[in-house]
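What follows draws every value from the coordinates through simple rules; no lab data is involved. Since we're looking at a predicted model, the values are computed, not measured. Glycine gets a Cβ as well: all are built from the backbone with ideal geometry, and neighbour counts include every protein chain shown.
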Ligand code: 13P
Ligand code: SF4
């Protein structure tokens, strides 16, 4: 409607006036994803989001996603101002991994290399040797195991088990999970697959093991979007946040995308197949943030200094 168009125009004007660039995750609204692309910003998975911004001339990065994405941007770009449409967008993996408890877990296993998922607080990253995202977690852990290292991985247990199965390594795991992906159901997925025999199944590795086992492709959001273009199929069943359909439909407009079944889908399920924190980002709080210069991300400088090294290892990793 025209209110939406008005917000888009205001956001565009403000981004230019404030020397700001927008980077958005694939789970945010289609409006934000389109705006990022139309204004020279970027839509990406969490690894590409971390990479983006460093070489961009804008002095302000606006991160549409969840808090850990804003913190990562700030740690990697301390000289830039980092704003978010909301500072309340958490992540259940981050919430389920308090830094003091995680530090105690690491301290109890000093002979292990600590690898943490990007979906963590700056303080947890500061305790890590490596940060990884779902797009390179398997490769990094395989590299470390081949070097003879023992690995402690957290906080996502499903991703952890998936890495174990693919690499054959045994990891020490933190027992966290994502409220969205944890709800995908294997039995119901099998039933849907039986109804759609030609469909390919795309699964994010934060999903439970029985769901991952049914996948044709397991990968990060960027990798799943790539699979839609690469695979010779008309129909895809997708086990990840439904925000991803915006980009999938754009890159393959003639193909059909179905949500993988998740617990409670429909009536009362708030977080099934759509991250409640990603959904807090919108055009209207983006405009307010830009207008007021509010919702700035600050990371304690000592914590940021310690978290920089494992993040830099992630960005520099090449198999
Ligand atoms: P990606 O790195 O695949 O974009 O995943 C981020 C995330 O939060 C998945 O739930
Ligand atoms: Fe975190 Fe899950 Fe939301 Fe991703 S979808 S940000 S892992 S709660």
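Normalised by the number of residues in the chain, the average gap of Cα pairs under 8 Å and 6 or more apart makes the relative contact order 23 percent. Its residue count N sets the reference 2.2 N^0.38 Å, and the alpha-carbon radius of gyration of the chain equals 0.98 times that reference. Short to long, the 5 Å bins of the Cα pair-distance histogram for segment 181-259 hold 3, 17, 32, 27, 16, 5, 0 percent of all pairs.
With no solvent and one equal point scatterer per Cα, compute the Debye intensity ratio I(q)/I(0) for segment 139-185 at 0.14, 0.22, 0.24 Å⁻¹ and report its log10, rounded to two decimals. At q = 0.14, 0.22, 0.24 Å⁻¹ the computed log10 ratios are -0.34, -0.73, -0.82. Sequence gap at least 6, Cα distance under 8 Å: using those rules, report the relative contact order of segment 93-178 to the nearest whole percent. With pairs under 8 Å counted, the relative contact order is 30 percent. Based on Cα contacts under 8 Å between residues 6+ apart, segment 181-259 shows a relative contact order of 30 percent.
Once the Cα-Cα distance is subtracted from the 0.36 nm per residue extended length, the residue 250 to residue 5 segment shows a gain of 86.2 nm. Restricting attention to the chain, close to 5% of DSSP beta bridges with both partner residues there are antiparallel.
For segment 112-244, the share of alpha carbon pairs falling in successive 10 Å distance bins from zero is 13, 42, 31, 13, 2 percent. Remark: spin-label model distance residue 217-residue 317 equals 2.0 nm, labels positioned 7 Å along the Cα→Cβ axis. Calculated [222 nm] ellipticity per residue, helices only, for the chain: -12000 deg cm²/dmol; basis is -39500 (n - 2.57) per DSSP H run with n ≥ 4, divided by all residues, nearest 500. A Förster distance of 22 Å, applied to the separation of the beta-carbon atoms of residue 226 and residue 38, puts the FRET efficiency at 0.50. The convex hull of the Cα atoms of segment 115-174, projected and averaged over all directions, covers 3.5 nm². In units of the rule-of-thumb radius 2.2 N^0.38 Å, segment 8-159 shows an alpha carbon radius of gyration of 1.14. I need the shape label for segment 202-308. Rule: rounded when a/c is under 1.5, else prolate if a/b > b/c, else oblate, with a, b, c from the alpha carbon gyration tensor. Verdict is prolate for segment 202-308.
Extension gain, residue 150-residue 95: 0.36 nm per intervening residue step, less the Cα-Cα distance, totals 17.2 nm.
Residues 136, 212, arranged from fewest to most other Cβ atoms within 10 angstrom of their Cβ, appear as 136, 212.
Spin-label model, residue 19 to residue 111: label points 7 Å out along the Cα-to-beta-carbon direction sit 5.3 nm apart. Working from the Cα coordinates of segment 84-149, the gyration tensor eigenvalues give, after taking √(5λ), semi-axes of 23, 16, 8 Å in decreasing order. The simple spin-label model puts a point 7 Å past each Cα toward its Cβ; for residue 187 and residue 300 those points are separated by 4.6 nm.
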